[in-house]
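**Q** Here it is, the structure in full.
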Amino acid sequence: MQEELRKLAKARNALVIAHNYQRAEVQEAADFTGDSLELSRTAAKTDADIILFCGVEFMAETAHILSPDKKVLLADINAGCPMADMITSYDLRKLKEEHPGALVVAYVNTSAAVKAETDICCTSANAATVVSNIPADREIIFVPDRNLAMYVEKATGRELIKWDGFCPTHEYITAEVILKAKKEHPEALVIAHPECLPDVQDMADSLQSTSGMIRFARESEARSFIIATEMGLIHRLQKENPGKEFISPTKKAICPNMKLTTLQKAFDTLFEERYEIRVDEDIRRRALAAVEAMVSYS
Ligand code: 13P
Ligand code: SF4
């Protein structure tokens with residue numbers, strides 16, 4: 001099936017990109033696997049006619065915002081992100097009215113309509129850099145992830161006006177399960193995603209985006225790591241570091257939306273060129289500057 005998908009992609013001049021949380025067999029078939037920032041950059045610079053996105057809706061929308069001339073397909077049309085659904089453009093407009101003059105930073109895990117109300121987008125890989133570059137006298141609204149916002153506050157010393165959104169998958173990774181994993185693996189380092197709860201963040205040896213975790217594990221002298229994020233990441237970690245051990249602290253660290261995509265669905269979507277994701281042109285134009293700024297920050 002992987003071979004069939006690759007052959008079909010070649011015949012259609014399509015680029016298959018997969019998020020680090022995708023099923024192992026989907027990651028293996030993709031041309032490129034990465035974190036949200038890397039996937040946006042890859043989608044922005046490809047020469048392919050079609051981008052087959054194995055991930056969730058906001059990622060495909062972001063690809064279309066950056067590359068409106070490409071046909072962007074989402075491998076499974078039902079793959080959404082509950083965190084992105086926790087704030088609407090109406091909510092954000094109201095928040096802006098309450099804080100006139102504030103600059104809006106939105107996590108990329110938002111709808112295109114929310115991005116259209118945003119000054120600058122960020123991913124977990126560059127959220128702290130984006131915020132630290134905002135003039136000190138500007139108020140900052142940060143949406144929708146309260147946990148990422150608290151991480152950014154600690155990393156930058158800035159106070160943010162936060163929205164109360166969160167990732168249900170990451171909130172299953174509690175301090176309790178980390179403590180248990182640490183007891184069972186006292187030698188292991190804890191690497192956590194900034195979508196984790198603040199007490200889990202405090203227990204981490206390092207806080208990283210998904211691809212940041214891969215770099216950290218590769219460069220570290222340690223042999224054993226507790227991975228506080230969605231467990232799909234373990235596939236790449238284990239493959240790229242065969243001599244090291246990666247432990248998921250809970251079986252609940254699974255994003256059901258990311259797991260909707262199967263190889264068969266990815267193949268069928270490309271074969272039928274179905275599930276095209278297009279952002280309304282007015283919204284796309286209003287969201288573009290914020291997304292382009294995000295892609296330019298390392
Ligand atoms: P990153 O891969 O950018 O760290 O994001 C994690 C995530 O939850 C994507 O939905
Ligand atoms: Fe959304 Fe969380 Fe799934 Fe990422 S892991 S897509 S933030 S629900």
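**Q** Cβ-Cβ distance below 6 Å, separation of 6 or more or different chains: which pairs start in segment 139-163 with a residue that is without any contact (Cβ under 8 Å) to a residue 60 or more places away in the chain and among the small types (Gly, Ala, Ser) and end on one that is within 16 Å of ligand 1 (Cβ to nearest atom) and assigned to a helix (DSSP H, G or I)?
**A** Once the first residue is without any contact (Cβ under 8 Å) to a residue 60 or more places away in the chain and among the small types (Gly, Ala, Ser) and sits in segment 139-163, its partners that are within 16 Å of ligand 1 (Cβ to nearest atom) and assigned to a helix (DSSP H, G or I) give 155/128.
**Q** Quick check on residue 72: is it among the β-branched types (Val, Ile, Thr) and within 16 Å of ligand 1 (Cβ to nearest atom)?
**A** When the stated conditions are applied, residue 72 does not pass them.
**Q** Would it be correct to say that residue 270 is crowded, with 21+ Cβ neighbours inside 10 Å and either closer than 20 Å to residue 70 by Cβ or more than 16 Å from ligand 1 (Cβ to nearest atom) (or both)?
**A** yes
**Q** Checking the condition closer than 18 Å to residue 27 by Cα, at pLDDT 95 or above and not hydrophobic (A, V, I, L, M, F, W, C), which residue from 292, 240, 276 passes?
**A** Checking each option against the conditions leaves just 240.
**Q** Could you look through segment 67-112, keep only residues that are within 16 Å of ligand 2 (Cβ to nearest atom) and not in a loop (DSSP other than H, G, I, E, B), and pick out the one that is most open to solvent (accessible area, probe 1.4 Å)?
**A** Once the filter is applied, the top-ranked residue is 85.
**Q** Here is a follow-up. What pairs can you find where one residue is in segment 51-68 and over 12 Å from residue 36 (Cβ atoms), the other is more than 16 Å from ligand 2 (Cβ to nearest atom) and among the hydroxyl-bearing types (Ser, Thr, Tyr), and their Cβ atoms are less than 8 Å apart, with a gap of 6+ or different chains?
**A** Hits for this filter: 51/67; 52/269; 67/46.
Results for (1) open to solvent by 10 Å² or more (accessible area, probe 1.4 Å); (2) away from ligand 1 (no atom under 16 Å from the Cβ); (3) not in a helix (DSSP H, G or I), shown as yes or no for each residue.
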position: 4; (1), (2), (3): yes, yes, no
position: 10; (1), (2), (3): yes, yes, no
position: 16; (1), (2), (3): no, yes, yes
position: 21; (1), (2), (3): yes, no, yes
position: 25; (1), (2), (3): yes, yes, no
position: 39; (1), (2), (3): no, no, no
position: 53; (1), (2), (3): no, no, yes
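**Q** Would you confirm whether any residue within segment 147-165 is open to solvent by 40 Å² or more (accessible area, probe 1.4 Å), at pLDDT 95 or above, under 15 Å from the mean Cα position of the chain (by Cα) and within 16 Å of ligand 2 (Cβ to nearest atom)?
**A** No; the residues of segment 147-165 include none that is open to solvent by 40 Å² or more (accessible area, probe 1.4 Å), at pLDDT 95 or above, under 15 Å from the mean Cα position of the chain (by Cα) and within 16 Å of ligand 2 (Cβ to nearest atom).
**Q** Residues of segment 9-30 being among the charged types (D, E, K, R) and either touching a helix residue (DSSP H, G or I) at 6+ places or on another chain (Cβ under 6 Å) or in contact (Cβ under 8 Å) with a residue 24 or more places away in the chain (or both), which ones?
**A** Of everything in segment 9-30, those that are among the charged types (D, E, K, R) and either touching a helix residue (DSSP H, G or I) at 6+ places or on another chain (Cβ under 6 Å) or in contact (Cβ under 8 Å) with a residue 24 or more places away in the chain (or both) turn out to be 12, 23, 25, 28.
**Q** Kindly indicate which of 57, 61 is in contact with a strand residue (DSSP E or B) (Cβ under 7 Å, 6 or more places away or on another chain), within 16 Å of ligand 2 (Cβ to nearest atom), open to solvent by 20 Å² or more (accessible area, probe 1.4 Å) and of a type outside the set (Val, Ile, Thr).
**A** Only one candidate passes the filter, namely 57.
The values are calculated or read from the model by the stated rules, or taken from the named source; none is laboratory data. Quick caveat: nothing in here was measured; it's all calculated off a predicted structure. So basically every Cβ, Gly included, is an ideal-geometry build from the backbone, and we count neighbours across all protein chains shown. Protein only, heavy atoms only, side chains kept; ligands, DNA and RNA dropped before computing areas. Shrake-Rupley method; radii C 1.70, N 1.55, O 1.52, S 1.80 Å.
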